[in-house]
1. Considering only the label points, 7 Å along Cα→Cβ from Cα, what distances in nm to one decimal separate B:P135 from the same position in each other copy, shortest first?
2. Given Cβ point charges of +1 (Lys, Arg) and -1 (Asp, Glu) and nothing else, what value in debye, to the nearest 20, does the dipole of region A:11-154 about its Cα centre take?
3. What are the lysines whose alpha-carbon lies under 17 Å from the alpha-carbon of A:K56, with same-chain residues fewer than 8 places away excluded?
4. Give me Rg/Rg_expected for region A:55-115, where Rg uses Cα atoms only and Rg_expected = 2.2 N^0.38 Å with N residues.
5. Once the label point is set 7 Å along the Cα-to-beta-carbon vector, what list of distances in nm do you get between B:D91 and its counterparts in the other copies?
6. Placing a label point 7 Å from Cα toward Cβ, how far apart in nm is A:A42 from its equivalents in the other copies, listed shortest first to one decimal?
7. Picking from A:V143, A:V89, A:V161, which is most flexible by a Gaussian network model of chain A using Cα springs under 10 Å?
8. Is any helix in chain B, taking whole DSSP H runs, at least 24 angstrom long along its axis by alpha carbon and on average at least 0.0 on the Kyte-Doolittle scale, and which ones?
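We did not get these values from a lab; they are worked out from the coordinates using the rules stated. All values reported here derive from a predicted model rather than from experimental measurement. For neighbour counting, all protein chains shown are included, and Cβ atoms are generated from backbone atoms with ideal geometry for every residue, glycine included.
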There are 2 protein chains.
Amino acid sequence: MSAMTPTADAPRSPGRPRSVRADEAIIDATLDLLAEGNTIEAISVEAIAARAGVGKATIYRRWPGKDALLRDALRTLKGGQPELSGRSVRDDLMLLLGAVGHNIDPRAARIMPCLVPAVNRSPEQYELYQNIIEPRRELMREVLRRGVRAGELRADLDIEVTLAMLTGPMLVQRMLRWHPDLDEATLPEKIVDGVLEGIRPR
Amino acid sequence: MSAMTPTADAPRSPGRPRSVRADEAIIDATLDLLAEGNTIEAISVEAIAARAGVGKATIYRRWPGKDALLRDALRTLKGGQPELSGRSVRDDLMLLLGAVGHNIDPRAARIMPCLVPAVNRSPEQYELYQNIIEPRRELMREVLRRGVRAGELRADLDIEVTLAMLTGPMLVQRMLRWHPDLDEATLPEKIVDGVLEGIRPR
């Protein structure tokens, strides 16, 4: 049992420091409140403390304020970066697209879309959101630059537009189930090949 | 003044039937409640009636239930279909992409993303959402089929994946402001040309 991650109602695990358990309970309470449909503005440090079963002071000892706590909580929703093969640009883009919108925590599907209005209203929230997605965007940029250097991609490639061309279709399908008949399992390969080859006759 | 659309607090316009004014107030109240962050499940016919200043019976005389009312309210958020030129596939795709995620009512930006969790939970909501977007998808499909027939696009084109490749990047930018440095005004042209030509050297 000691290898399992303790949850709020798991039996007390004596090997795990109390402070780590409190951190996890606080992050968990924040995500629960967001997943229940509460907006970022509506959630207070008081409400998070009450849900986590800790005092407000416990939260302020760990985070300077609500925004820093939210940033950490939202970061935990994202899985790790995928491991790139470094073989062909096609292989690596397929790996990266397979991870787009693929969040480990099931609460992410409820939380992420509803953040959008807050993100568009507040420069701070927009920066938070950009900080979360920028590392993945940078990884894809590096793969594209490598492809240009190797002659696999056109020399005049618009890297930023290409990022959107690859990520956009995958994200709307994973997040919005935009099209009921598209198969998510084969979609990364179809998008990568479609974007690589174009839709005009060659 | 008689040409203006009356709003809830506009002076009574005697030329306009009372029933039309009530319809508009009910639709408006529904959109206001959604834009304030209330979920589809949380909104009741009672709450809509109270906000619109009408009785519940007035709503039930016009709509069989909450889902039908929500469908009509959400449909009003979408602007009309763009007028296609019919010249080249490139021209028509650019026109269609210019309209993606371009909603006339500013409440749409608050409402649409937050519908996603509800849409993914309930088959009825998912069908409602598909009914709203399917007419535009069909218009783009027709342009692509025309391009295949005219030899402007490859004969073996996967129409459904191509829809996602064109719409996805535009939608994430308009809805999520996915990338802070992309210029929305020139994005339709860049996406259409990128998808037409592909990113491999020709």
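1. So the label point of B:P135 gives 4.5 nm to the other copies.
2. Working: 24 positive and 19 negative charges, 59 e Å.
With only Lys, Arg, Asp and Glu charged at Cβ, the dipole is about 280 debye.
3. Output for A:K56: A:K66.
4. Dividing the Cα radius of gyration by 2.2 N^0.38 Å gives 1.56.
5. 4.5
6. For A:A42, the inter-copy label distances come out at 0.2 nm.
7. A:V161
8. Those that clear 24 Å and a mean of 0.0 are B:18-35, B:159-176.
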